[in-house]
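What follows is a set of notes on a single structure, which appears directly below.
All of the numbers you see were taken from the coordinates with simple rules; none came from a lab. Owing to the predicted nature of the structure, the values given are computational and were not obtained by experimental measurement. Backbone-built Cβ (ideal geometry, glycine too); neighbour counts: all protein chains shown.
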Amino acid sequence: MPPCPLCTPTNEDLLWQDDFCRVILVDDPAYPGFCRVILNAHAKEMTDLPEQDRQRLMDVVFAVEAAVREVVQPDKVNLASLGNMVPHLHWHVIPRFADDPHFPDAIWAAAKRAGTTRPVENLRPRLLESLRRRLGPPAAG
């Protein structure tokens with residue numbers, strides 16, 4: 001079995017972390033503010049976690065959604081935990097716009113249109129600030 005890419009991360013744009021999970025920014029110009037919340041322990045499904053850890057992970061997911069909504073102001077936010085390609089528990093927090101390439105389908109579906117690149121001024125520092133307000137300072141790592 002190949003090593004898990006989420007257990008041994010490389011080239012992640014880390015926004016926030018603690019001993020339990022981390023939040024990374026995904027580089028996708030069509031979806032500015034696209035983030036992933038990744039559990040630091042290797043687990044495959046939400047029900048593999050004790051109830052308190054499930055709640056803790058979802059609290060982080062909801063904080064990331066709120067930060068993305070504040071900073072990017074999308075028309076909709078999609079939350080997805082698939083794990084079909086990488087069976088390591090992680091959540092996608094995806095800002096969606098009515099004119100994005102895939103709307104209203106999932107971003108993994110065939111594109112319906114070219115879409116619009118939507119730069120967000122000072123995206124990363126604004127997301128960092130919003131996450132820190134909601135989650136506290138990141139743990140040293």
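Of a type in the set (D, E, K, R), under 14 Å from ALA30 (Cα atoms) and out of contact with any Asp or Glu (no Cβ under 7 Å at 6 or more places or on another chain): is that true of ASP99 in this structure? It is true that ASP99 is of a type in the set (D, E, K, R), under 14 Å from ALA30 (Cα atoms) and out of contact with any Asp or Glu (no Cβ under 7 Å at 6 or more places or on another chain). Can you tell me which residue within the stretch 64-115, out of those that are polar (S, T, N, Q) and more than 12 Å from the chain's Cα centre (by Cα), is farthest from ARG134 (Cα to Cα)? Filtering first and then ranking leaves ASN84. Do we find that PRO138 is touching a helix residue (DSSP H, G or I) at 6+ places or on another chain (Cβ under 9 Å), within 14 Å of TRP16 (Cα to Cα) and not in a helix (DSSP H, G or I) in this structure? So PRO138 fits the description; yes. No other residue among ARG126, ARG134 is closer than 30 Å to THR8 by Cβ and touching a residue at least 60 places away in the same chain (Cβ under 8 Å) apart from ARG134. Is at least one residue of the stretch 50-61 of a type outside the set (Gly, Ala, Ser), closer than 22 Å to PRO125 by Cα and touching an Asp or Glu at 6+ places or on another chain (Cβ under 9 Å)? Yes, that holds for at least one residue.
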